[in-house]
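Before any comments, here is the structure.
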Amino acid sequence: ASLYYNLHQNDKAIADYTDAIRCDPKLSVAYNNRGMIYADAKQYDKAIADYTEAIRLQPDSTGAYMNRGTSYYHAKQYTNALADLRKHLGLFPTDPEAASIREMISLIEQLNKTP
């Protein structure tokens, strides 16, 4: 699946991740990775659903919180985006991208205040 994703053959990558999930429904990384493909395709509802399942299976999955927060942002679900990005930073305060994430949080806070 990862090879197909890297080759931009997203339909095949999704099919392989779906097969992996069918074989092992507790494979959180497969949900997270399939969610990334959906997010790349701007299918944010599907991405959010996959990230949510990845988090349910592995509650300390910092990447899934970051990815879901970003998808919430693109879906204009700003309150949810803020919660996930803050959760990500709480779980991974030493993230090399922490400063950028804090900037994103500030931007979303401003957008969330706009009527």
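Once the Cβ-Cβ distance of S106 and C23 is raised to the sixth power relative to R0 = 35 Å, the FRET efficiency obtained is 0.25.
Each Lys or Arg adds one and each Asp or Glu subtracts one; over the other residues with Cβ under 15 Å from the Cβ of A41, this totals 0. Separation of the alpha carbons by more than 27 angstrom is noted, of K12/K87; K46/K87; K12/K76; K26/K87, for K12/K87; K12/K76.
Using θ = phi - 60° and the Karplus relation 6.51 cos²θ - 1.76 cosθ + 1.60, list the HN-Hα couplings for segment 81-90 in order, rounded to whole Hz, with x at every Gly or Pro. So the J values, rounded to whole Hz, are 4, 4, 4, 6, 5, 5, 4, 4, 5, x.
As a length-normalised measure over Cα pairs under 8 Å and 6 or more apart, the relative contact order of the chain settles at 16 percent.
Over every Cα atom in segment 2-113, the radius of gyration and the widest Cα-Cα span, Dmax, amount to 14.2, 44 Å. Using 0.36 nm per residue and subtracting the Cα-Cα separation, the extra length available between D95 and A41 on full extension is 16.9 nm.
Pulled fully out, how much extra length does the chain show between L3 and T114, if you take 0.36 nm times their separation in residues and subtract their Cα-Cα distance? Here the segment from L3 to T114 would lengthen by 35.8 nm. Counting only aspartates and glutamates at least 8 places from K113 when in the same chain, those with an alpha carbon closer than 16 Å to its own are E103.
Only the coordinates and a few stated rules stand behind these numbers; no lab work does. The structure presented is a predicted model; accordingly, all values stated were derived computationally and were not measured. In this analysis, Cβ positions are derived from the backbone assuming ideal geometry, glycine residues included, and neighbour counts consider all displayed protein chains.
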